[in-house]
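Okay, so here's the structure we're looking at.
Any read-out appearing in this document is the output of simple, stated calculations on the displayed coordinates, not a laboratory observation. What you are looking at is a predicted structure, and each value in this text was computed from that prediction instead of being measured. Heads up, the Cβs are rebuilt from the backbone with ideal geometry, glycines too, and the neighbour counts pull from every protein chain shown.
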Amino acid sequence: MPENFRGIGSIFGPSLNPSSCIELGIPSREELINIYCNRRNPVLNYDLLISNIYYYVGFYCWKNAIITQGVAARFVKGQASSGQAEMIGALTPVFGDLSLFMLKQYATMNPKKKSKL
């Protein structure tokens, strides 16, 4: 994992272990993905989604890096609409590094898939 992930728990708070999630009735990752796949119209193939999960998470993180960079820019200009803008802006490199990590994982696992762009 990238270097700046070491303190990520302090940013987002502690995570729950799977047994605590079960006790609290929180769905597992697999259950959430199945719910997502089955509620889409048309229904999304679970195996297809899982095979591309690094791409989807990488794209999600890239998109959020752009959003948090915008928040950081507004904070620097004194135009922030939130008292937490500085902290949100500080997440930009975390999202950027996580995006790069995920997309590299995707490329490693799917060497034959090429971009259509």
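What pairs come out if I take residues in the stretch 69-96 that are closer than 21 Å to V57 by Cβ and pair them with residues that are of a type in the set (D, E) and surrounded by 13 or more Cβ atoms within 10 Å (Cβ to Cβ) whose C-beta lies under 9 Å away, six or more apart or interchain?
These pairs meet every condition: V71/E86.
When the stretch 54-66 is examined, which residues are found to be of a type outside the set (G, A, S) and either buried (at least 16 other Cβ atoms within 10 Å of the Cβ) or in contact with a helix residue (DSSP H, G or I) (Cβ under 7 Å, 6 or more places away or on another chain) (or both)?
Scanning the stretch 54-66 gives Y54, Y55, V57, C61, W62, N64.
So if I check each of L44, L98, L32, L48, which one is closer than 27 Å to P18 by Cβ and buried (at least 16 other Cβ atoms within 10 Å of the Cβ)?
L98
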